[in-house]
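Shown next, in structure tokens, is the structure this report addresses.
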Amino acid sequence: MNNNIKARLTFAVTLMVSFTLCLVVVGMVGVLMAGLFDEKVDNAEIFKLISPAFQTIVGGFIGLLAGVKLSHDEDAAPHCKKD
């Protein structure tokens, strides 16, 4: 029963993180596209501002998803644990 609860919690966290990542990426792409086609904005400045933020957000979420996956896999294979 405990494994079932942990598996459901892992699934819920993974689903929330994936959904949030999708929203952030879609929002950032929308802002980037709006800025690229706005005549008042310099395109070079958009890339200077958005690129580091985009890389940080995507990298953080991917790291979180990888951590959740690794922690779930360790619990699923008890024969691989060292004493």
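For this structure, a couple of remarks:
- Test: residue in segment 35-45 that is part of a helix (DSSP H, G or I), out of contact with any Lys or Arg (no Cβ under 9 Å at 6 or more places or on another chain), modelled with pLDDT under 80 and of a type in the set (A, V, I, L, M): yes
- The set of residues in segment 6-28 being more than 15 Å from the chain's Cα centre (by Cα) and surrounded by 12 or more Cβ atoms within 10 Å (Cβ to Cβ) consists of K6, A7, L9.
- When residues of segment 29-59 are limited to those that are under 16 Å from the mean Cα position of the chain (by Cα) and surrounded by fewer than 13 Cβ atoms within 10 Å (Cβ to Cβ), the one nearest to L9 (Cα to Cα): G59
The values are calculated or read from the model by the stated rules, or taken from the named source; none is laboratory data. Please read all numbers here as calculations on a predicted model, not as lab measurements. Here the Cβ is made from the backbone with ideal geometry for all residues, glycine too, and neighbour counts use every protein chain on show.
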